Structures are given as structure tokens and as C-alpha cells.
Amino acid sequence: MGVRPLDPVLRRVRSLGAIPENEIELIRSLSERRERHYPGEQLAAEGDAGSRPRFVVSGWACRQRLMPDGRRQIFSLLLPGDCLGFGGRPPLAGIVALTALETIDASGVHEILRRGLAPGLARAVAAADTIEDALLLDHAVRLGRLTALERVAHFLLELQQRLEIVGLGDHQRFPLPLTQEMLADTLGLSIVHVNRTLQQLRRAALIELRSGVAILLQPEALAKLCDYRGTAAVPANRAA
């Protein structure tokens, strides 16, 4: 059986804690409220007070900031299953689709949470918000203290774990629809440096990249290379 549209969202929410089935039904009820976005489309501008709460159903987006000269820094990736706009505050960075993207409008669920009528979902959303902060700290360390080789290895391992949670990868293989330019903007490297680093990892038989799919040939060796200790996206009871 293939992945159904809401599967990543349901898997992600369930990974964040025990949620009663009647609250899970609130998410299932959103299935007809899907919106399609084209690559490069802005979902929310920095400081946009009118941005709506959403779940990402398919495709990848990012939080980013553009410099006056056109350079870009990507702060975080939004993957299938992730939620955005639930914090009740304007976004601190622009949110842009990196690939073709589908989201579902979760305004109705957000209102139910605001009224305190779905405590299980409220705890899950709060946990997701905490995880987002932890991933941002991990990214700051990645940019500030890791070498180019370590950055790429660490980033690939984090993506593998996040995508496995939502059923879009396994312990070695996962989709990677990012261009080398996107990787460069995420990891604070030049495109040439990204290309050189990927080639180095390939020559060491640590990874393969095939038509938008990443394969971690030696995950343990890759983790040792960058001192990867797991991602905050994996709850403690799942990581054990």
C-alpha cells in the first residue's frame, strides 16, 4: 500500500505522544483542505501576522532570509508531517516552498487547541515547537563548529531520521530533492564546496546519490565522522 496523503502528518503527530483517537480524527477531517504550492512560492513573509497554521502533507519547504545582494541563508527545512504557524506569533523568517508542495489549512484545529478542547494534540504541537528550537540549535552548532565534511554528513543523518519517522525513508535510504545550491544555502558553503564534499563522501563509500534519493552506505561510520548523536526530532522513547 502506498503512502496516503495524510500519513506523514499522522505519523509525525503520533510520534510526539499518546493522542486520543477522537483528536486524531480532527486531523483526518482536514483531508479535503489541501493546497498546492509551486517551487519558490512564498507561504509566509518574515513578520507576516496573517500567516495561517498548516501541516505539510508532501514536498519540502524552508525558513529562510535573503540578503540585500541575493544571498540566502536557510535556517530550517519543513518536511512532510511538520506543522507551521501554530505558535501564535508572526514568523521570524520567510517560509518558501523548495519543491512542489502540498499543505493543509489547520486553522480549525488551531482554534480547537486555543480553546483547550484537544489536550493531546496541544501537547504534541508544543513538543513539535520544542523540537524545532532544538533543531535550530543543532544547525547553529553545525554551521559554527563543524567542517564542511562534518556538516554534510551531520545534515544527511538528521534528514534520514526525520524522514524515517514519517514513513518516507528507512535507516539508509530517503528522498533528497534538494539541489546543490539549496544544500549550499543551508550549510553555509559554496556550491563548489558542496560538490567537492559530496564527491569525497562518495569516494569514501559512505553515501550514494541517485536521482533524488540519498543512500547512506555506512551510517555508523558517517555518524562517527561527525560525532552525530541523534536528532531532537526523535522522541526519547523512539530513539531508545
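Just so you know, all these numbers are worked out from the coordinates, no wet-lab data involved. Computed from a predicted structure; not experimentally measured. Neighbour counts are summed over all protein chains in view; Cβ atoms, including those assigned to glycine, are modelled from backbone coordinates with ideal geometry.
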Given 0.36 nm per residue, what is the gain on full extension from Arg71 to Arg210 after removing their alpha carbon distance, in nm? 47.3 nm
Quick shape check on segment 146-239: root eigenvalues a ≥ b ≥ c of the Cα gyration tensor, a/c under 1.5 is rounded, otherwise prolate if a/b tops b/c, else oblate, and it reads prolate
So how far apart, in nm, are the two label points at Arg115 and Asp170 if each is 7 Å from Cα heading toward Cβ? 4.5 nm
Report the charge-dipole magnitude of the chain in Debye, nearest 20, computed about the Cα centre from +1 at each Lys and Arg Cβ and -1 at each Asp and Glu Cβ. 320 debye
In nm, what is the difference between 0.36 nm times the number of residues separating Asp48 and Asn195 and their Cα-Cα distance? 49.4 nm
May I ask which residue of Pro91, Thr231, Gln64 lies farthest towards the positive end of the charge dipole of the chain, with charges of +1 (Lys, Arg) and -1 (Asp, Glu) on Cβ and the Cα centre as origin? Thr231
For q values of 0.11, 0.15, 0.19, 0.21 Å⁻¹, compute log₁₀ I(q)/I(0) with the Debye formula on a Cα-only model of segment 7-140, without solvent. -0.38, -0.71, -1.13, -1.38
Under a Cβ-only charge scheme (Lys and Arg +1, Asp and Glu -1), can you give me the dipole magnitude of segment 7-140 about the Cα centre, in debye to the nearest 20? 40 debye
Listing Cys226, Cys83 by rising number of other beta-carbon atoms within 10 angstrom, fewest first, gives Cys226, Cys83
I need the shape label for segment 175-214. Rule: rounded when a/c is under 1.5, else prolate if a/b > b/c, else oblate, with a, b, c from the alpha carbon gyration tensor. oblate
Gyration tensor on Cα atoms of the chain, a ≥ b ≥ c root eigenvalues, a/c under 1.5 rounded, else prolate if a/b beats b/c, else oblate, says prolate
Grab the beta carbon distance between Gln218 and Leu92, set R0 = 41 Å, and tell me the FRET efficiency rounded to 0.05. 0.65
If I take R0 = 35 Å and measure r between the Cβ atoms of Arg14 and Glu181 in this structure, what FRET efficiency does the formula 1/(1 + (r/R0)^6) give, to the nearest 0.05? 0.50
Virtual spin-label span in nm between Asp133 and Arg33, 7 Å along Cα→Cβ: 2.7 nm
Charge dipole (the chain, unit charges on Cβ, about Cα centre) - positive-most of Ile131, Ser29, Ala214: Ala214
Residue-averaged [θ]222 nm for the chain, counting only DSSP H segments that reach four residues, each worth -39500 (n - 2.57): -13000 deg cm²/dmol
Charged-residue dipole, Cβ positions (Lys, Arg, Asp, Glu), segment 145-219 about Cα centre, Debye nearest 20: 220 debye
Please list 205-213, 65-73, 37-45 highest first by mean number of surrounding beta-carbon atoms within 10 Å per residue. 37-45, 205-213, 65-73
Put +1 on the Cβ of every Lys and Arg and -1 on every Asp and Glu Cβ in segment 1-145; which of Leu79, Phe55, Leu121 then has its Cα farthest towards the positive end of the dipole? Leu79
Extension gain Thr147-Arg202, at 0.36 nm per residue separation less the Cα-Cα distance, in nm? 18.1 nm
